[in-house]
Amino acid sequence: MSINLFSNYPLSWKPVKATLTRPYYQGLARQMRADINNGLLLPGTKLPPQRELADYLDVGFTTITRAYKLSQAEGLTYGVVGKGTYVSPNVKTDLTITHQDNKNIQELGFVSSFESENGALQSTIINIAKQKKLAELLNYEHPTGMPRHKKTATRYLREIGMNVNQQNTLIASGGQNALTITLLGLFNPGDKIIVDQFTYVNFIELCRLRGVKLIPISSDNDGIRSDLMLKACQNDVIKGIYLMPDCNNPTTEIITLSRRKEIATIIKHYDLTFIEDDYANFLNLFREVPLIKLSELVPENSVYICSMSKPLASGLRVAFMRVPDRYKLQIELAMFNSTVKTSALDAAIVAEALENGTANKIMHRKINKLLVANQIFDRVFEQQVNAYNATSFFRPLHLKSKQRGDELEKLCLDNGIRIFHSDRFLVGPRPDNSFLRVSLSAVEEINDLTTALKRLKSIIL
């Protein structure tokens, strides 16, 4: 018999013990997951104190503790020392952000790659189709990339600032696939990875599926805070770090060189596995002073991922990877057993476009469009935002409103604008600096961007 029946006690969550399966802590975690999915537990809800919930269910305190820990490991909840346990802000959102095919909705959420430029690849594709070696591109051989494609990939990596040889170059089926095989090959369930407080939404989901726990770290003007990163490594067993140093998605922050050196020191000292996601890699070709890749400061600890979706076309699922010898076998095994092999046809199109100059022309046109798009954004929103990267595919629009992310997204959608709130990208507690990530590259014509941004401004400001 429970000491406290709590029949009329205002617990924020009252799981049903009669429906719990053994072991109770797992059953409790499953019920929490179900209540979150069906809307009974909303994002941001503070869960009952563990002792009170233990009394309510008439179970041991350790049962509740284990259930809460399991929910945190799944990314369903997070704990704040001295305050309690809360439902994560992004658990009820569709984490995988995809394009919505609705002509009546102006797309400012999904970050595409100026798809109007895809037609420039037509002649390259036709030329490959006419080659005698076409049949070779359609077999099982060379699962990590054909030698001639690796040669081109290596050359491109060097052009954007990487010191790499062909032996350590792999070709994956896009950036997402590269992240997947890296997690499969180098991390186990329960491992902990440091990330930006706001980070790539699909990486959050990948880690949840893999059972990897994310440790969020906030930023300052120099990027992710190295002092907090160091404290996390001192107080916990950290296995890796995942960052987008050249342009964080969704904040557009660029990590300064001094901060990169501080992070590199931490990586070396604790022998961490560093994953660098350089999805906007081609921007380094157009900078007056190219950025020094963080991976270059810790090459033996780094898996560098260079997606070709943004530089060329998102439908060509190709990413170049630089993998040090110490990780190569595990990543290759993960690739063999998940992807089998990267499409040699896709890789051939990318390699041919890089070799014949088509890629360079496409990248030039995209950088020009990015410059124009960012200028339009600045004109519409004036001084209301502070962006770190003026050539980004998206910009953060900071909000004064405390309105929930899903409510604001719905408000915009009801008014003909699809947009994504920062809650989708958030790991851990919600800070005060919420924002909208505004895509600048999803409109069909750059001239349509002004209209879409003005409509967005009228809705939220």
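The values are calculated or read from the model by the stated rules, or taken from the named source; none is laboratory data. In this text the structure is predicted, and so the values were computed from the model without any measurement. Cβ sites come from the backbone with ideal geometry, for glycine too, and all protein chains shown count toward neighbours.
What the table shows:
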| item | result |
| --- | --- |
| Pick from the stretch 28-51, criterion among the charged types (D, E, K, R) and closer than 28 Å to residue 406 by Cβ, ranking: modelled with the lowest pLDDT | 35 |
| Condition check for residue 215: more than 30 Å from residue 360 (Cβ to Cβ) and not in a helix (DSSP H, G or I) | yes |
| Among the residues listed as 307, 314, the single one being touching an Asp or Glu at 6+ places or on another chain (Cβ under 8 Å), within 22 Å of residue 113 (Cβ to Cβ) and modelled with pLDDT of 95 or more | 307 |
| Residue, nearest to the chain's Cα centre (by Cα), within the stretch 157-185, restricted to residues that are over 25 Å from residue 283 (Cα atoms) and surrounded by fewer than 20 Cβ atoms within 10 Å (Cβ to Cβ) | 184 |
| Sole residue being over 20 Å from residue 424 (Cβ atoms), in the same structural domain as residue 339 (by TED's automatic domain parsing), at pLDDT below 95 and out of contact with any Cys (no Cβ under 7 Å at 6 or more places or on another chain), chosen from 223, 185, 211 | 211 |
| Exclusive hit being free of Cβ contacts under 8 Å to residues at least 24 places away in the same chain and closer than 30 Å to residue 338 by Cα, set 243, 209 | 209 |
| Meets criteria (outside the structural domain of residue 272 (by TED's automatic domain parsing), under 30 Å from residue 206 (Cα atoms) and not in a helix (DSSP H, G or I)) for residue 366 | no |
| In the stretch 390-418, the residues that are closer than 21 Å to residue 196 by Cα and not charged (D, E, K, R) | 390, 391, 392, 393, 394, 396, 397, 398, 399, 405 |
| Residue tally, condition closer than 28 Å to residue 154 by Cβ and in contact (Cβ under 8 Å) with a residue 60 or more places away in the chain, over the stretch 249-271 | 2 |
| Members of the stretch 110-134 that are exposed (fewer than 14 other Cβ atoms within 10 Å of the Cβ) and among the β-branched types (Val, Ile, Thr) | 126 |
| In the stretch 143-172, the residues that are outside any helix (DSSP H, G or I) and free of Cβ contacts under 8 Å to residues at least 60 places away in the same chain | 165 |
| Test: residue in the stretch 393-415 that is among the acidic types (Asp, Glu) and within 26 Å of residue 222 (Cα to Cα) | no |
